[in-house]
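What follows draws every value from the coordinates through simple rules; no lab data is involved. Everything numeric in this text was worked out from a predicted model, so none of it was measured. Cβ placement follows ideal geometry from the backbone for every residue including glycine, while neighbour counts extend to all protein chains displayed.
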Amino acid sequence: MISRKQKQNIILIMIVLLGIFLAYSLRIIFSAVLGAIILYTLFRNLYIKLVTIKNWRNVFAFIFITLTTFAIIILPFFTLSWMVIDKLSYFNTNPQYLQDIINHLSTISGIDLNHSSIFETVIKNMESWALGSFPSLVNALLSVFLLITIMYFLLYFMFKEYIKFEQAILHYLPFNKENSLTLATELRKITFSNVLGQGIVAIAQGSLIGIGFYIFNIQDPLFWGVVGVLLSFIPIVGSGLVFIPAALISISYQNYTSGVGILLWGALIVANIDNVIRLIINRKYANTHPIVSIVGVIIGIPVFGILGLVIGPLLISYFLLLIKIYESEQAKDLDEAKK
């Protein structure tokens, strides 16, 4: 005869196995689920204000937030992706442009790069990585559209039933009420710090890179400003990956004014705007350590593509926060046991 405890254990095992199967089956929409959670965290207060204070209908409030997020997040993201892929395609279809660069580098380095396939391999790998990481409108439009649709579908019901949604999360969290509320507060701060803070820093640095390229007459300031926005998500070294090579190349062509100028511009203005903005963001929200950001980017890009620049550091921050809350629970249980 199976005891009641054994029956409960069997049911628990079935729940865990089924949960693992469902999680594995739904892994392709994980980014949509995470995106919905991030948008909910960022715009929750605005939605509640529109519905409870402004007396907007739920649907109108959701449509307003949808249009807002699409205009300030998704549309610029697609624009940046298209610009980068278009430039890489230009390099691929105009080999003479790259050949001129190879010839120049061969001259100043004394190494016959034309005889080596290293440069060609690097370019092909860059293009392959970019086409795989950036949502190309050619080969991934349907997939991206589906993920965005699922994301907003989930977001709508999260907003519509936000009270039940939050109560359910608090109910199923394996923490006491105090730590559950602390977890919710810290998650909100971390999300704002990573998404809002990193976004503002990236836009500011990319814009300044583009302005600097324009001032010092370096080609394609708009394109390299866009690249600067993307690379600026990588802390410490991100923006330097754009203006330092540009400075060295300009100097190699004996264009010392442009080379030294963009190098000083990058070191004194672009790099320091990062510190100023992060200081302001960290005072109001959470302080994300640069190591967390770097490791998050390394982990996030292979899994989520270009979205990994944001999602990777965010997941690591969530993981570290859960460890912190768990340790707090353990310490409290230990204190109660001693009493």
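Here are some notes:
- Above-threshold pairs, the threshold being 18 Å between Cα atoms, out of 49/160; 177/332; 189/332; 54/160: 189/332
- Loop trypsin sites (Lys or Arg not before Pro), region 20-74 (other Cβ atoms within 10 Å of the site Cβ: 12 or fewer; DSSP): 54, 57
- Per-pair calculated FRET efficiency, R0 = 22 Å: residue 181 and residue 331 via Cβ, rounded to 0.05: 0.80
- Computed over the alpha-carbon pairs of region 1-92, the distance histogram in 5 Å steps reads 2, 10, 11, 12, 11, 10, 11, 10, 8, 6, 4, 2, 1, 1, 0 percent, short to long.
- Of the chymotrypsin sites (Phe, Trp or Tyr not before Pro) in region 199-267, those whose Cβ has at most 15 other Cβ within 10 Å and which sit in DSSP loop: 253
- Gap separating the Cα centres of region 154-171 and region 5-78, nearest whole Å: 9
- Cβ-based charge dipole, region 154-228, positive-most Cα from 221, 179, 207: 179
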